[in-house]
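Data first, discussion second: the structure below is written as structure tokens.
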Amino acid sequence: MIESLQHKEIKCIEIVNTPLIKKVSDLSVAFLDGREHKIQYIHLTVLRICNSGNIPVIPGDFIRPITFIFRETQSATEIVNTEIFNATELLRPIIKTTKNIVELEPLLLNPGDSFDISILSFSVTHDFNIDSRIVGVKNLKMEKWLTRKTDYPTRRYLSYGSLMRILNIALVILIAEIIGLAFIIISSFF
């Protein structure tokens, strides 16, 4: 009977999925590693990963890690920056990012553990698929933040606080890239 009450469950909650810049023409960014990219769109997605079950998920339970594969729709998707924040105490998630894939390394998720992943990209939209295979977890539950059943003051506070932090991060990244571009332009004159 006790075993029937135990269940493993991991949720992915989409907190923010919004364009920061909808359409720009003739803006090009040069990265510090020498790459140059024409920017037309900048998009921000914030996802919360949490163990919503009542038993731990250990690294050995991951047959395939949690992977977010961003689809290319009207333009090529290139992930510019990812960051982990709001992780519960002692939780140290590690993510790997490629052109349009964000992969979470297997980790211990005790019941109630959660963290957020911010994903900033050059793309029109952030349509993505989740791929994962975890022992004892039928499928990763996906839900949108606004459809969660929670009291409105808490939802407004959490979404506003998370959004402000992400927008600050996005602004710092954009300013750093513009400064890098300015240095490249200035150095080309000398």
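Could you order Arg64, Arg133 so the one with the most accessible surface comes first? Probe is 1.4 Å.
Arg133, Arg64
Measuring from label point to label point, each 7 Å out along Cα→Cβ, what is the Met142 to Glu89 span in nm?
In this crude spin-label approximation the distance works out to 3.4 nm.
Suppose R0 equals 41 Å. What FRET efficiency, 1/(1 + (r/R0)^6) with r the Cβ-Cβ distance, do Asp127 and Phe183 give to the nearest 0.05?
My answer for the efficiency is 0.75.
Under the rule a/c < 1.5 gives rounded, and otherwise a/b versus b/c splits prolate from oblate, where does the stretch 48-88 land using the Cα gyration tensor?
It comes out prolate by the Cα gyration axes.
The values are calculated or read from the model by the stated rules, or taken from the named source; none is laboratory data. Quantities reported herein were computed from a predicted structural model and do not represent experimental measurements. Quick reminder, even Gly has a Cβ in these numbers, built from the backbone with ideal geometry, and neighbours come from all protein chains shown. What goes into the accessible areas is simple: the full protein's heavy atoms, side chains included, and nothing from ligands, DNA or RNA. Shrake-Rupley method; radii C 1.70, N 1.55, O 1.52, S 1.80 Å.
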